[in-house]
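Here is the structure we will look at, set down as structure tokens.
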Protein chains: 2
Amino acid sequence: MSQADTKQRILDTAEHYFAHGGFHNTSLRTITHEASANLAAVHYHFGSKEGLLEAVLLRRLEPLNQLREQHLLAVRTDARQQGRPPAVHDILHAFIEPTLHYRERHDGSQDFITLIGKAFLETDDTVRRLFIRHIETTLRLLLDLLGEALPQMGANDLFWRLQFVLGAVSHTMCRTGVPFLIPQGSLAPPCNTDNLIQQLTLFVTAGMEADPK
Amino acid sequence: MSQADTKQRILDTAEHYFAHGGFHNTSLRTITHEASANLAAVHYHFGSKEGLLEAVLLRRLEPLNQLREQHLLAVRTDARQQGRPPAVHDILHAFIEPTLHYRERHDGSQDFITLIGKAFLETDDTVRRLFIRHIETTLRLLLDLLGEALPQMGANDLFWRLQFVLGAVSHTMCRTGVPFLIPQGSLAPPCNTDNLIQQLTLFVTAGMEADPK
DNA sequence: GCACAATTCAAACGTTTGTTTTAATTCCTG
DNA sequence: CAGGAATTAAAACAAACGTTTGAATTGTGC
């Protein structure tokens, strides 16, 4: 087994366990054992447990954010060329579509989507600061575009509605692929990704555009 | 200091640290030290760390759920008396209003609202199973009522839209009172609870009622 | 004020944690 | 094929964890 193999195996295993068990609740011994690697390999390749977490996040968050920003910028460009404000639906779709599609276009990325879905809700500083730092730019772009689409809405309302959107999106990201007990005791219905994207976009668009009373 | 004092102080402190640092990431030594209690007091009063978590959850979840169910049942009764299906807005308001108002009507319950907001997203079994067990009934009632309000909507769509709602609500619950870095680096604007309830209810109502395309 | 239960306390238990160390092994280049 | 760098391996480290113990202390009913 070459170096690249070990490094990848540790990353994949860590991604899975961080997503399902949480960062602090997953030990390096669990990860290295499951990855058939030596315990010391983590510190050799990543320096520390926190370094491993950062590597896990960055590996996929970087390309995903690039994808989302491309989509968002395209929406802005289209709108400007047509001399109109961007549509709320187009903005939110540009944010949601790459995120949920990323799951099925990249092997093993289900765990990652669950992980960053959780990271949004994380109150623990280790995970949250790391995550916030790397998603700031994308979120800023999203907020700016929504401001252009809804110029009459106050900054406060805009902020909170964005929180509602992010809450719905990240909760959905966590739930896909993870069995979730719904009231009657059955499991979540199987989710068709395209349908889920459409339903979620529809939902948050209607929410963003709701008339304040 | 009498028994009741120690027990209460441990509960309050545990609630705070569980909410902000998570269950596994908070040690009993941190809690007991902050509560000016002896380490062994936790096992004497609650049996174990998990027992303490359950006590923290139950202390407030029980009355909160009673409150929510009262509101939900009132909505159903009103609708039946008037011979019409319940309105989506009334249902969601009946669920959201007691939850967010609970914060300011009960001293120290801010931490609890943050805690159960996080519990929704929790993938760790210790916390999640405990939580799910005690909120099942309320969620079931909520789902039933939404089904009555939107009889034309399929069970699958209804399920996922409820997930969107719960995502937005729990994310909001986590964010209130917890400083959250928004893109430009500033903090969350101060939230007026009544206004927040209104905005959130408006948002999720519009989302639930959006026409499926 | 005495006796009995309830509670608090300090200390130690055995595990598990992330990390470090040092030696053995593998890999690649000249 | 030799030699130096890169990687893996086993073992030990100190620190922190939840839990248990048994004695000291406090509170309560007679």
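Observations on the model:
- Considering each residue of the stretch A:40-49 in turn, none proves to be out of contact with any Gly (no Cβ under 6 Å at 6 or more places or on another chain), within 23 Å of residue B:128 (Cα to Cα) and of a type in the set (A, V, I, L, M, F, W, C).
Okay, residues lined up against (1) open to solvent by 40 Å² or more (accessible area, probe 1.4 Å); (2) without any contact (Cβ under 8 Å) to a residue 40 or more places away in the chain; (3) hydroxyl-bearing (Ser, Thr, Tyr):
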site	(1), (2), (3)
A:94	no, yes, no
A:115	no, no, no
A:134	yes, no, no
A:164	no, no, no
A:174	no, no, no
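- Which numbered condition residue A:142 fails, given (1) in contact with a Phe, Trp or Tyr (Cβ under 8 Å, 6 or more places away or on another chain); (2) under 30 Å from residue B:15 (Cβ atoms): (2)
- For residue A:25, the conditions (1) open to solvent by 60 Å² or more (accessible area, probe 1.4 Å); (2) assigned to a helix (DSSP H, G or I) all hold with the exception of (2).
- Odd one out for residue A:85, checked against (1) open to solvent by 20 Å² or more (accessible area, probe 1.4 Å); (2) in contact (Cβ under 8 Å) with a residue 12 or more places away in the chain; (3) in a helix (DSSP H, G or I): (3)
- For residue A:153: the one exception among (1) assigned to a helix (DSSP H, G or I); (2) more than 7 Å from chain B (Cβ to nearest Cβ); (3) modelled with pLDDT of 90 or more: (1)
- Test set (1) over 26 Å from residue A:26 (Cβ atoms); (2) more than 8 Å from DNA strand D (Cβ to nearest atom); (3) without any contact (Cβ under 8 Å) to a residue 40 or more places away in the chain - residue B:40 fails condition number: (2)
- Of all residues in the stretch A:50-72, those satisfying the criterion of being farther than 18 Å from residue A:132 by Cα and open to solvent by 50 Å² or more (accessible area, probe 1.4 Å) are A:70, A:71.
- Selection of first residues in the stretch A:5-19 that are open to solvent by 20 Å² or more (accessible area, probe 1.4 Å) and of second residues that are within 15 Å of DNA strand C (Cβ to nearest atom) and at pLDDT below 90, restricted to Cβ pairs under 8 Å at least 6 apart or on distinct chains, gives an empty result.
- Residues satisfying the stated conditions in the stretch B:1-23, i.e. within 10 Å of DNA strand C (Cβ to nearest atom) and modelled with pLDDT under 90: B:1, B:2, B:3, B:4, B:5
Table: residues versus (1) more than 10 Å from DNA strand D (Cβ to nearest atom); (2) within 14 Å of another protein chain (Cβ to nearest Cβ); (3) out of contact with any Leu (no Cβ under 6 Å at 6 or more places or on another chain).
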{"site": "B:26", "(1), (2), (3)": "no, yes, yes"}
{"site": "B:51", "(1), (2), (3)": "no, no, yes"}
{"site": "B:67", "(1), (2), (3)": "yes, no, yes"}
{"site": "B:72", "(1), (2), (3)": "yes, yes, no"}
{"site": "B:91", "(1), (2), (3)": "yes, no, no"}
{"site": "B:98", "(1), (2), (3)": "yes, no, no"}
{"site": "B:104", "(1), (2), (3)": "yes, no, yes"}
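- Among residues that are within 8 Å of DNA strand C (Cβ to nearest atom), out of contact with any Lys or Arg (no Cβ under 9 Å at 6 or more places or on another chain) and under 30 Å from residue B:25 (Cβ atoms), residue A:29 is included.
The values are calculated or read from the model by the stated rules, or taken from the named source; none is laboratory data. No experiment lies behind these values; they were computed from the predicted model shown. Methodologically, a virtual Cβ is constructed for each residue, glycine included, from the backbone with ideal geometry; neighbour enumeration extends over all protein chains shown. The protein model used for the area step is the full one, side chains on, heavy atoms only, and it has no ligands, DNA or RNA in it. Shrake-Rupley method; radii C 1.70, N 1.55, O 1.52, S 1.80 Å.
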